[in-house]
Structures are given as C-alpha cells and as structure tokens.
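The values are calculated or read from the model by the stated rules, or taken from the named source; none is laboratory data. Values in this document were obtained by computation on a predicted structure and should not be read as measured data. Here the Cβ positions follow ideal geometry from the backbone for every residue, glycine too, while neighbour counts run over all protein chains shown.
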Amino acid sequence: MMKVLLFSIVSLALVLSACAPGGTTDNTMPMSNDNSNMTLAPGASAGVSGTPTPGSMMAENPEASHMMEPITAPNVQPATETEGGQPLEYREENGIKVFELITKAVQWEILDGVTVTAYTYNGTVPGPMIRVTEGDQVKIIVKNELPDPTTIHWHGVEVPNAMDGVPGVTQNPIQPGETFTYEFTAKPAGTFMFHSHYEGDIQVMAGLYAPFIIDPKEPEANPPAVDKTLMISEWLMTGGQTFAAMPMSGMEPNYFTINGKSFPSTETITVKKGELVRLRLISIGQFIHPMHLHGVPFKIVATDGHPVPEAAQLTKDTVSVAPGERYDIEFIASETGQWMLHCHILHHTTNDNVEPGGLMLVINVVE
Ligand SMILES: [Cu+2]
C-alpha cells in the first residue's frame, strides 16, 4: 500500500516537473536549474528515508538513503581561503616533520555565485599539499571537527599497515572531536595524495582530499620550470544543497572541478616560452577524465607516482585519468598563446549543463 502511494507521488512529481515552465525536458536528468523537481522529490522520498534526495532514485535501504543526504554540518562558515592545494607549513621536532590537519566543513566557492558545502582539510578544497623529501620522517596530527567520524588513507605512499587509515581494519574511526596521529617514513618519491577512507562515497566527494608530493632525495637532473598538481573531482549541487556526486542514477554530478574550481574560475597557468612544464594530474572523483592538451603533445613521465623509463614514455595529447590514478605529464611550452587543457568528455566542460565550464584551464605561454 505504502509503495503504491509512493509510486503515485513520484509519478506525479515527474509529470509536474516535466510540465513546469522552464523545467527540464529531459526526464533522465533530474538536476535542473528549476527547483520544481527538488520541491516535490523530497516529499516523495521522505516517506522512505525522511531525507530529500535530488534524483529519481528511491532508496528503500535506510543506509543507502543516508548516502544520498545533503552534505551538512552545524554552523558551516564561509571558507577564509580561496585557493586549495597550497603547501602546508610544518614544524620540526627531533628530526620529524610535524603537520597538523583539521577536518571541518566550510562553504567553498567553486565558481562565481556557486558555493558548495564541503568537508575539508584545513578549510580548503583540495586540502593543503603535504610536500616532503623521500626518507623524511613525518607525523600528521589530525583533529576531527566534522559531525561524522573519519580516517585518512595515504594513497600510494608505502606506509606501515597500522597507518593505512582503513576504518574497522587498520584503525578505529576518528570520532568527532577526537585526534589521531599518523606517523611514517615518506617513500617512495612521487605524486601521491591523501583522502578520507570513511564513507568515501560521501566524504571524498565532499572534498576530503589533498595532494601528497614526495620529492626525490637526489635533486632532479632536469627539474621543470613549472610544476603544478591538478586534482580533478565532481559535485552535485541542486536546490541550493550539495550532495556527494556518484555514478548512480539521479546522483550524477552537474559541476566538475580542478583544484576545487570550475572554469572560468580555474587557475590560469602562466609559462614562459621554451620552459619545461610538469602537470601532475590526479583523479579523486568517481568518473574517468580524458584530459586533452592543445598546442603541443606531452610525455607521460610518471604513472601513479612511479617514474616511467624514458624509452617507455608515451607521447600523447590526451590521457585518461581514472579515479585514484595519477599521471605526471611534461611538455616544452614551445608556442606562445592561450592553450587549453580540458577533459574530452565534453559534458565535463559544463557548469550545470552550460558550456563552457568545468574541467578546463588555460595554459598561457608568454614570451
Ligand atoms: Cu571528464
């Protein structure tokens, strides 16, 4: 009986939203600018979960409906920083580099006029970059100021098992208000990252990720003039609320970010003609992104942090970066001009279905 009633309400919601002026004409894409769908869908799903969800998906499993709740926290403040992924300061104690992270929710602007509710490390998306040298002893003190438990996984870094950050397997979750200290030797050299391993489907998508770069002990023979780390992810923003974007009907993303920003708010990378450029591409969302560079081809010099021997380095102009992967690409900026780097799943270069946007940035090569 309940199911029949719910089905009727959902059907009515879909019919009404399709008929609403300015509403989407595509019923397979429930996230539209128009709120009519949003105002009806929550009521429709409330009988099952008590929680508004953006899509047509009806979760009968209460745990699943929790995954589809909006990202919220009590008293969320606007971010005080505007740029994510910046190097994190540390202090030295007995030869150990000590970093401090605080997990907290902030209002994070991904685009002029578009602000998401994000779960962050130290108030930015991505969180601050931890950059150390191979062999360094590091200690990272994590204070959890989120309303939910969390843990940190050091993705690709060869840490002792007890430091691996898997809740219920290698450690207990860090409860709200608690502090946990991770300690390990930074190895090997390369492009890595850290991210939440607690309800990753929610917390990682909500912004709990950051770069972890380990520089080689021996200085590089040919260091790049420009070395940028670009973390790619996705968001679902609708009806003024933020949801964890997922590869699931009704929960697909409508915003796409590089280092927490959608084009045209993405960083422009300025390079002098003739300089060697290294871009460390990291996919931390749940979708694959074939990143395409205009102007000149590049070489893939490292995969998942590990150097590719020179004879094996592919020359390409597009590289697909799947979730969890890292590709270090290098090229000489041989021609002046404004050259695009963008995802070639072209829907990913939109902001809420409007082009241009999303996963694009400009590499500005100057004399
Ligand atoms: Cu893409």
| In this structure, is T318 over 24 Å from H195 (Cβ atoms), within 16 Å of the ligand (Cβ to nearest atom), out of contact with any Phe, Trp or Tyr (no Cβ under 9 Å at 6 or more places or on another chain) and in the same structural domain as H292 (by TED's automatic domain parsing)? | yes
| remark: Residue pairs within 7 Å by beta carbon, gap of at least six or interchain, first lying in the range 329-356 and over 30 Å from A312 (Cα atoms) and modelled with pLDDT of 95 or more, second more than 9 Å from the ligand (Cβ to nearest atom) and among the charged types (D, E, K, R), listed first then second, are T349/E355
| note | Pairs returned, first residue in the range 300-317 that is farther than 17 Å from L276 by Cα, second residue that is assigned to a strand (DSSP E or B) and of a type in the set (F, W, Y), beta-carbon separation under 8 angstrom, 6 or more apart or interchain, are T303/Y327; G305/F192
| request: Considering only the range 310-365, state which residues are β-branched (V, I, T), out of contact with any strand residue (DSSP E or B) (no Cβ under 6 Å at 6 or more places or on another chain) and loosely packed, with under 15 Cβ neighbours inside 10 Å. | output: V354
| Entirely in the range 237-282, the strands (runs of 3 or more DSSP E) that have 1 or more residues that are of a type in the set (A, V, I, L, M) | 255-258, 269-272
| field | Condition met for M193 (in the same structural domain as V321 (by TED's automatic domain parsing) and not acidic (D, E)) | value | no
| field | Filtered residue count, the range 106-146, keeping only those that are touching a residue at least 60 places away in the same chain (Cβ under 8 Å) and among the aliphatic types (A, V, I, L, M) | value | 10
| note | When the range 253-287 is checked residue by residue, the ones that are touching a Leu at 6+ places or on another chain (Cβ under 8 Å) and of a type in the set (F, W, Y) are Y255, F256, F263
| Members of the range 233-250 that are within 16 Å of the ligand (Cβ to nearest atom) and surrounded by fewer than 24 Cβ atoms within 10 Å (Cβ to Cβ) | M246, P247
| note | Checked P253, P176 against criteria (touching a strand residue (DSSP E or B) at 6+ places or on another chain (Cβ under 7 Å), without any contact (Cβ under 8 Å) to a residue 60 or more places away in the chain and within 16 Å of the ligand (Cβ to nearest atom)); the one match is P253
